[in-house]
Structure formats: structure tokens, C-alpha cells
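Working notes, structure below.
Since every read-out is calculated from the coordinates, none of them should be taken as a lab result. Predicted model only: the values in this text are computed from it and were never measured. All Cβ positions, even for glycine, are placed from backbone atoms using ideal geometry, and neighbour counts span all protein chains on display.
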Amino acid sequence: MRIHAGLIAVGAAIAPLGTSDAQDKGPRVSAKEYEGWRQYSVHCARCHGQDVVGNPVAANLLESARKGGPVAGMEAFTTVVAEGRLDKGMPAFKQTTSPEQREAMYAYVKGRADKRIPAGRPSAPPS
Ligand code: HEC
């Protein structure tokens with residue numbers, strides 16, 4: 001039920017996307033990073049913080065995915081996301097996300113950790 005409530009909240013939050021307003025404002029990102037932001041907002045933000053700003057209940061992914069961090073590489077990152085760390089409170093997402101979605105989340109989080117992507121809702125990429 002917690003997941004369900006989160007989906008509704010995020011669905012409402014991203015509903016205005018597609019208006020010209022949403023496309024003109026906000027950080028510029030690639031299509032993959034944009035998809036990663038969408039997936040992150042649905043699945044991860046409630047624990048790791050909106051825009052990956054960090055949250056005391058879970059690992060700070062801006063530090064974890066930064067150069068030299070434990071999940072700086074895509075393989076390490078996507079493995080933790082797929083398998084989780086169930087004993088430590090990190091759920092497994094292999095049932096609820098695809099490999100492509102996990103790679104997109106890595107692209108987004110890595111961009112945040114490397115300071116290429118500022119906080120905030122990204123602009124929808126040109127279609
Ligand atoms: C229910 C809360 C919760 C949710 C939802 C959640 N996480 Fe986590 N996550 C955690 C906790 C707690 C840890 C710390 C685990 C530990 O101590 O090793 C963690 C750890 C991680 C790590 C390892 C960080 C490190 O330093 O080793 C990664 C990567 C990660 N999460 C990514 C994600 C992504 C991406 C999502 C969304 C698909 C997500 N998490 C959703 C709670 C959560």
C-alpha cells in the first residue's frame with residue numbers, strides 16, 4: 001500500500017509535463033536521464049529524497065554514486081537496485097523495474113552526483 005500511495009502522489013506531481021511551460025524550465029537532460037528522473041521519482045524519492053538530496057533514512061546517493069563511491073559504476077549501482085539489501089531496508093526492484101529503467105535511474109543519479117544535473121524537475125527533452 002505504501003508503494004501505491006507513492007505512485008498516486010508522483011503521478012499528480014508529473015501530470016503537468018508536456019505543457020510548453022514544463023519544457024522550457026528546469027535542468028536540461030538527455031532522454032535517458034529524463035526517464036531516470038521519472039523512475040527515480042516514482043520508486044526511490046520517498047527514501048532517498050526528492051532530487052536525490054539525501055534523507056537520513058537511506059544512503060545519500062549523491063555520495064554513493066560520486067567518483068570513488070561504492071556505487072559509482074553502473075554495474076554496482078544497478079545490481080544493488082535489482083537485488084536490494086533486504087536486511088538493511090533497501091528493497092529489491094527487479095520485479096517492478098526493467099533493466100533499461102534501472103540504467104536510466106543510474107544515468108540520472110550519476111548526473112546528480114557528478115553535479116551535471118542540478119536539483120529540480122528537469123525539462124522534458126526535445127521529442
Ligand atoms: C524503503 C526505502 C528505500 C527505497 C524505496 C529505496 N531505497 Fe535504496 N537504500 C535504502 C537504504 C536504507 C539503503 C542503505 C542500505 C545499506 O545500509 O547498505 C539503500 C541503499 C541504496 C544503494 C546503495 C548505496 C551505497 O552507498 O552502497 C543504492 C544504489 C540505492 N539504495 C538505490 C536506490 C534506488 C535507485 C531506488 C529506487 C529504485 C531505491 N534505492 C529505493 C532504502 C531505500
Original post:
crowded, with 18+ Cβ neighbours inside 10 Å, over 21 Å from residue 123 (Cβ atoms), under 15 Å from the mean Cα position of the chain (by Cα) and among the aliphatic types (A, V, I, L, M) - does that describe any residue in region 83-105?
Top reply: no
Subject >> Test for residue 59: is it without any contact (Cβ under 8 Å) to a residue 60 or more places away in the chain, near the ligand (Cβ under 9 Å from one of its atoms), buried (at least 20 other Cβ atoms within 10 Å of the Cβ) and under 29 Å from residue 126 (Cα atoms) >> reply: no
Original post:
Only one residue in 35, 75 is free of Cβ contacts under 8 Å to residues at least 24 places away in the same chain, out of contact with any Pro (no Cβ under 7 Å at 6 or more places or on another chain) and either more than 10 Å from the ligand (Cβ to nearest atom) or among the aromatic types (Phe, Trp, Tyr) (or both). Which one?
Top reply: 75
**OP:** Output the number of the condition that residue 66 fails; it satisfies all remaining conditions of (1) under 15 Å from residue 117 (Cβ atoms); (2) under 14 Å from the mean Cα position of the chain (by Cα).
**Re:** (2)
